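Here the structure comes first, spelled out in structure tokens, and everything after it is commentary.
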């Protein structure tokens, strides 16, 4: 008779090169899509309308890419971050085959780096997680690193290995869905006349709208993604925790910011890369999330003139309108209102 | 580089005859239906059971008509009522082709009337909005009027045009779904033995049940409909607004009242017309909604004896049971508990 | 003109042998499954993944059995327990044909016992409720008993009939889904290496995780199941009720406990029987639910060596971690933290 519950992995459990098969493959459905719309007010047309998606060459409306992200990410939590103190960063995230309702997603992670902290109590673990569909096609491949507790301070430190992480995903690594076309792309139905040609590097956009966070909403989202991190769900322990309340899953804020970004980036119909991202501060029920974006880079795609890419920084702030584009103060520290600083790359039709 | 965010339209932007194509066509799914059931406890059998619906001649369970309404209405918000001060009324609403899961809905509006207010700061805009499915079949055609801010008080007033609006949709304008039949209609499964024959004009029905409103619920509903009106979502600004809190989308109350009306109108399987409606007072999270109905009229349908129509007034009240049928007081003013006074027409099987 | 609203049944209405056809047949969909995942964080793989389910011999992912239970149970509420004072117990519950998205469920109940209480104001009613799918195959057959108000104290008491209820469903009454197999069962994907062989009668498992209850969540769940009991929904009356707040549907706690039990019972892929159950104390929004389980019995299945059965007691407690396995105190009274004591039988693959 052994202990039947999963205690999660500790720093010592993450040996370099270790492969983890995560539990609970997940068939994603139209029900998940409806919930995503209902949780964030998602309005991008390719993900909202089968008709619109087919006009673009998709077989039907694909899942929004960050919903795909959450489905792939959620599975990693019980094995990677159950004993994590902090989710430190993301890099090198590439979206692959679009996910359609009916597809089944599962995730595997590989330990690509370990670095014990000087206090001997914690360490940083770098993992590469790959989500695949039922045809074993990659749907998302990304790196993240987390700070994890050691089981025992007296255990010897492993050799430090810090992987070489790209600042941004390179153009040649973007995976453009096969067969997509901008012919017949209808900017009236899409909600904005502004196409790739109209954006400039350095341009800042205030997304104007805002959304107040509720406990029921963020828990519903996080459960939908089968993300099990305790801090999101257990008020009985969190009341005595660092903040006295449940901490909202950072991915909930990413999806909210992306949904708010429709007002200004309506034609950014696809995320191709996650370059990096930082959950600058925690969010809680009752906070109202605003967002703004900056065009960091504007890229032509190799040998195609129908779509272009924009590297975007989307910043989410709480309880502060974003017409002043809050980011970092002069001392390099983040404005205290900022909760998310996210760097990703989207596709947009060209004229 | 232009402003990329949608500022919404102001009174001056609504010129008579102007046509607006609203963004984000929407494929409605079984997921939306489940959420609707979960939001309101909707229990009418034709919309709950494919088997029951097929017995009646539908190809499967169609969407509840007010869910169809919200899907069509939601799209109009960013263009019609983003700068609205008040949603003043509805008229001449006809439901057309039933919407089934998998159908894609989009909406177009035409400005049919404008009337500047005497203060020169606001005006009333009348629009006719038409929702169609992917076959370009009309699913809903209705008029509403809203009070909208002017951009600039000094702009000259347009010529006043107030459209002629019917007090009620005429019998000959009802669209009865093709092929429906009352043969095999099972009143046990439907939940009530009372058919069209059993109702009388003037009859009042207390729907008895009640439902308390929650912030997460009304925001979830309103986001599902992709309705973007800021007052429903942003506590950060609303705390300093007129009521100090978020205002619930009026349509949420319509759907709640319709769902409560099952207890007394269980065989009212289809809404054919919206004759008029007034959101008498705002509702907020924490309010408990009760409802009662009055049969305003009882109509035979031309050349068919299997179904009849009932014109219904459903009144929703907050924090007050409806056994006293609260409506207007002797001075003609609404009882302060009333939040909704809604006039619509339903179909019901005959004996 | 008659009263159109359903007043529910009183004790006198339940005559022995009476059969009740419950309203609103319900087509269950992928949308319902997504909501269930989002409400409870359900992670069992056979219900989460069509691919995993097919490997086991299901045609696709079936509905989790307790979701099936709620769908069948919900229909009985308007007729059986609208005037109930207490839901006293369950027994003899057998799950039959798996329910798949697209199936339509309806429920019929038969009165199998009546016993008036000595005060003449109330009585206990025993019903056997049977849910069937669109092919008239039984999906769930169970007994429950409730305490119901009498309409009139002066009405004579019926002859007392108390049905003989089994303490536990017998092995020969388990219905094993046709064609299921443990070949290719993947314990990595399932989330635990512990199979039937590894469990012992008497073994206790702390499920560790916990979930805080929200008003929006429990009402959403209860509405999804079309359960109409007023105490769950009406804060306006409940504020003056026994607890001053809405009481959470007991079944919501069953599903939460079952979902938490994944951490320790991940391979319990199917519930075959409900042996008994008691809602020991009410739960409210704000409570945090923990759970633990005890293996009450370990059973081989007749003529098959691929799966075995475990009779499980799952106990849910509020605002108290379950590492101490809270249950009854020495005086035989329940620990005040306990809200649910549930006895059911699951299937698990063998080595």
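The values are calculated or read from the model by the stated rules, or taken from the named source; none is laboratory data. As the structure is a computational prediction, the values presented were derived from the model and not from experiment. Backbone-built Cβ (ideal geometry, glycine too); neighbour counts: all protein chains shown.
Here is how the numbers come out for the structure above:
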| read-out | value |
| --- | --- |
| Residue match in segment C:182-197 (condition: surrounded by 20 or more Cβ atoms within 10 Å (Cβ to Cβ), away from chain A (no Cβ under 11 Å) and not in a helix (DSSP H, G or I)) | yes |
| Flag for residue B:321 being in a strand (DSSP E or B) and modelled with pLDDT of 95 or more | no |
| Filter result (more than 18 Å from the chain's Cα centre (by Cα) and either closer than 17 Å to residue B:76 by Cα or modelled with pLDDT under 95 (or both)) within segment B:27-46 | B:27 |
| Residue, nearest to residue C:289 (Cα to Cα), within segment C:227-249, restricted to residues that are surrounded by 24 or more Cβ atoms within 10 Å (Cβ to Cβ) and within 16 Å of the chain's Cα centre (by Cα) | C:248 |
| Segment B:145-161, subset assigned to a strand (DSSP E or B) and in contact with a helix residue (DSSP H, G or I) (Cβ under 8 Å, 6 or more places away or on another chain), residue nearest to residue B:120 (Cα to Cα) | B:149 |
| The lone exception for residue A:242 - which of (1) more than 27 Å from residue B:231 (Cβ to Cβ); (2) in contact (Cβ under 8 Å) with a residue 12 or more places away in the chain; (3) not in a helix (DSSP H, G or I) it fails | (2) |
| Which listed residue is more than 7 Å from every other protein chain (Cβ to nearest Cβ) and either surrounded by fewer than 24 Cβ atoms within 10 Å (Cβ to Cβ) or under 28 Å from residue C:220 (Cα atoms) (or both), from C:7, C:25 | C:7 |
| Any hit, segment C:50-70, residues being more than 10 Å from chain A (Cβ to nearest Cβ), within 15 Å of residue C:268 (Cα to Cα), surrounded by 23 or more Cβ atoms within 10 Å (Cβ to Cβ) and free of Cβ contacts under 8 Å to residues at least 60 places away in the same chain | yes |
| Checklist (1) over 20 Å from residue B:175 (Cα atoms); (2) part of a loop (DSSP other than H, G, I, E, B); (3) modelled with pLDDT of 95 or more applied to residue B:99, failing item | (1) |
| Filtered residues of segment B:220-239 (kept if more than 7 Å from chain A (Cβ to nearest Cβ) and either in a helix (DSSP H, G or I) or within 13 Å of residue B:75 (Cβ to Cβ) (or both)) | B:221, B:222, B:225, B:227, B:229, B:231, B:232, B:237, B:238 |
| Near pairs, Cβ below 9 angstrom, 6+ apart or cross-chain, from segment C:1-13 (under 17 Å from residue C:145 (Cβ atoms)) to any residue that is in a loop (DSSP other than H, G, I, E, B) and modelled with pLDDT under 85 | C:8/C:83; C:9/C:83; C:10/C:83; C:11/C:83 |
| Residues satisfying the stated conditions in segment A:198-219, i.e. more than 7 Å from chain B (Cβ to nearest Cβ) and surrounded by 20 or more Cβ atoms within 10 Å (Cβ to Cβ) | A:199, A:213, A:215, A:218, A:219 |
| Selection status of residue C:297, closer than 30 Å to residue C:178 by Cα and modelled with pLDDT of 95 or more | yes |
| Residue in segment B:82-89 that is under 30 Å from residue B:280 (Cβ atoms) and either at pLDDT 95 or above or in a loop (DSSP other than H, G, I, E, B) (or both) present | yes |
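Here's the yes/no breakdown for (1) within 11 Å of residue C:207 (Cα to Cα); (2) outside the structural domain of residue C:204 (by TED's automatic domain parsing); (3) without any contact (Cβ under 8 Å) to a residue 60 or more places away in the chain:
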{"residue": "C:262", "(1), (2), (3)": "yes, no, no"}
{"residue": "C:268", "(1), (2), (3)": "no, no, no"}
{"residue": "C:275", "(1), (2), (3)": "no, no, no"}
{"residue": "C:279", "(1), (2), (3)": "no, no, no"}
{"residue": "C:296", "(1), (2), (3)": "no, no, no"}
{"residue": "C:302", "(1), (2), (3)": "no, no, no"}
{"residue": "C:311", "(1), (2), (3)": "no, no, no"}
{"residue": "C:317", "(1), (2), (3)": "no, no, yes"}
